[in-house]
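J.: Structure below; questions to follow.
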Amino acid sequence: MEEKTARRRIVLVPVPAQGHISPMMQLAKSLHLKGFSITVAQTKFNYFTPSDDFTDIQFVTIQETLPESDFKNLGPIELQHKLNKECQESFKDCLGQLLLQQSNKITCVIYDEFMYFAEAAAKEFNLPSVIFSTTSATAFACRSVFDKLYANNVLAPLNDTLEYYFSEPEGQKEELVPEFHPLRYKDFPVSRWASLESIMELYRNTVDKRTASFVIINTASCLESLSLSWLQQKLEIPVYPIGPLHMMASAPTSLLEENMSCIEWLNKQKKDSVIFISLGSLALMEISEVMETALGLDSSNQHFLWVIRPGLVPGSEWIEYLPEKFSKIVSERGYIVKWAPQKEVLAHPAVGGFWSHCGWNSTLESIGEGVPMICRPFSGDQKVNARYLECVWKIGIQVEGELEREAVKRAVKRLMVSQEGGEMRKRAVSLRERLRSSVREGGSSHNSLDEFVHLMKTM
Ligand code: UDP
C-alpha cells in the first residue's frame, strides 16, 4: 500500500484502433513494471476491455460525442481529424478530474502521435507531455518531410479511387527520394482513404512537437539507426527507441476474440512448412484479389494458415464467395480463421513465412520471431515498412502491382522452398537475436527505456 501511494502517475492516450492500442497497452505494462501508476484514457469506440493482466491499471473514458456512424463510416484519416477536434475539451475535463482525484502526482501525459489534442490539455495543466510513435522511426521521418514534398507539387492523384502516388513527372514514382534511401517516392506513406490535403493536414499535426518534452518510438536502434539519428537532429528533443514493446512486456491486447484452434492445427505441421497470411485489422480487399490469393496458394502446394476477417471484403459476410473446390484444398493443407493469436502463431515452429500487409506491429512481431515475410502493403506506413523489409533488412519479398495467382504462387514458393527463402530465414533469425539483445538488460532499447523512466521520475 505504501509503495502504491509513492508511485507517480502517467496518463496514456491511445488511438482507438488495434494497431495503436496494442503497443500503448504494452507501454502501460512496461511503465507499470518500472514503478509508475498508469491511467489509460480511451474513447468509447473500440474500447479496450482489460483482462486480469491489467488489474493494476486504471481505465477512464474520454466523453466524446461522436455518433457511432462516424466510427463505422469514416476512413481512419477523417476519423482521426474528428477525434482531435472532438476530444480536446472532453480530455481537458477528464484530466482535470484525474488531477482532483489522484493522491499521487501526475508526472506526464503520453499520447499517441495521432492524438495530438492531448498536448493542449497537458499544457493547460502545466503537465509535461510525451509523443509516442506506434509507427516506425522511418515513417515518422517521412511524415516530417511530407509538407516539403507536397509544396514541391510532386504529389498527384492517380485515379478516382482516392489512391495517391507521387506521379510528376511520370517516371518519378520509381525514383529514390534524396536522403531517404532506399525509399522511392511511391513508398511514401500516402493513404487510399482520404484526400491528399487531408493527409497533409494530419501529418503536419502529428509531427509538430508543440510543447512535448520527448518522443518515444516503438522501435530499436538495430533496425533504424539512421532514421533515428535523422529524427533526433530534426526534432531537437530527446528521441528514445524503446521497442519492440511486445518483447519488453507481453500482455493480451486483442480487441477481437482469437481463434486458438489454429495452434492445435499448427502442432500437426512440420517445422517451417506453413505460410501464415494475415493482413491486420483494417485492410480491405476486392473479391477478385482474395480469389487470386486462394488460387495462388492452391498452385503453390504449400500448407497455409489464413486469417480472413469478416469485413475484409466489403459487403461480404465472410468467405461465402470462395469456391467449393477451395474447401477441399483447405481440408487437405490449410486452415482459415477469422482472427488468430498472431504472436503465438508467429512463434510457432511450424510457421516458416508470413504474408503480411506490413503494419508496424506485424513487422515487429515477425522479426521478433525470426520469420521472413511476403510484403503486400495497402496504405500509409505499410509501404515504408515493406521497402525496409525487402531492401534494408533483406528478409522480405514485395509483391507489387495487380494481385494475380501466378505472382502469389511465385512469391510463396520463393519464400518457402527456395534457397533464397532459406537465406532470408537465416537473416531473420539473426535479426531476431539482435532484437532480443536490445530488450535484455544492458541492451539499447532496455537502456533507452530506463533513461526515459529515470527522467520521468526526476521531473
Ligand atoms: N492481429 C492479431 N490477430 C490477427 C491479425 C492481427 O492478433 O488475426 C494483431 C497483430 O498481432 C498486430 C495487430 O493485430 O499486433 C495489427 O497491427 P498492425 O500494426 O500490424 O496492422 P494494422 O491492423 O494497424 O493495420
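J.: Are there any GluC sites (Glu not before Pro) in the range 407-459 that are in a DSSP loop and have at most 11 other Cβ atoms within 10 Å? List them by number.
T.: Glu441
J.: How big is the shadow of the Cα convex hull of the range 261-436, averaged over all directions, in nm²?
T.: 9.2
J.: If you place +1 on the Cβ of every Lys and Arg and -1 on the Cβ of every Asp and Glu, how big does the dipole about the Cα centre of the chain come out, in debye to the nearest 20? Write out the running numbers ahead of the final one.
T.: On the way: 49 positive and 57 negative charges, 257 e Å.
Once rounded to the nearest 20, the dipole reads 1240 debye.
J.: Which links in Lys29/Lys234; Lys209/Lys383; Lys270/Lys426 stretch past 21 Å when you go from one Cα to the other?
T.: Checking Cα-Cα distances, Lys29/Lys234; Lys209/Lys383 exceed 21 Å.
J.: Let me ask you something else. For the chain, what does -39500 (n - 2.57) per DSSP helix run (n ≥ 4), summed and divided by total residues, give at 222 nm, in deg cm²/dmol to the nearest 500?
T.: -14000 deg cm²/dmol, from helical runs alone.
J.: Given that compact globular proteins tend to follow 2.2 N^0.38 Å, what is the ratio of the alpha-carbon Rg of the range 241-354 to that value?
T.: Ratio of Rg to 2.2 N^0.38 Å for the range 241-354: 1.11.
J.: Under 1.5 on a/c is rounded, so check that first for the range 1-137, then, if it is not, pick prolate when a/b is larger than b/c and oblate when it is not; a ≥ b ≥ c are the square roots of the alpha carbon gyration tensor eigenvalues.
T.: Details: a/c = 1.75, a/b = 1.46, b/c = 1.20.
Because a/c hits 1.5 or more and a/b exceeds b/c, the range 1-137 counts as prolate.
J.: Still on this structure: When the Cα atoms of the chain are enclosed in a convex hull and the volume is divided per residue, what value in Å³ results?
T.: On the way: hull volume 65.3 nm³, N = 459.
Cα convex hull per residue, to the nearest whole number: 142 Å³.
J.: Additional query: As I understand it, the dipole of the chain uses +1 on the Cβ of Lys and Arg and -1 on the Cβ of Asp and Glu, about the Cα centre. Which of His181, Leu33, Ile110 lies farthest toward its positive end?
T.: Leu33
Where a number appears in this text, it was derived from the coordinates with a stated rule and is not lab data. The model shown is predicted, which means the values in this text are computed figures rather than measured ones. As a convention, Cβ positions derive from the backbone with ideal geometry for all residues, glycine included, and neighbour counts pool all protein chains shown.
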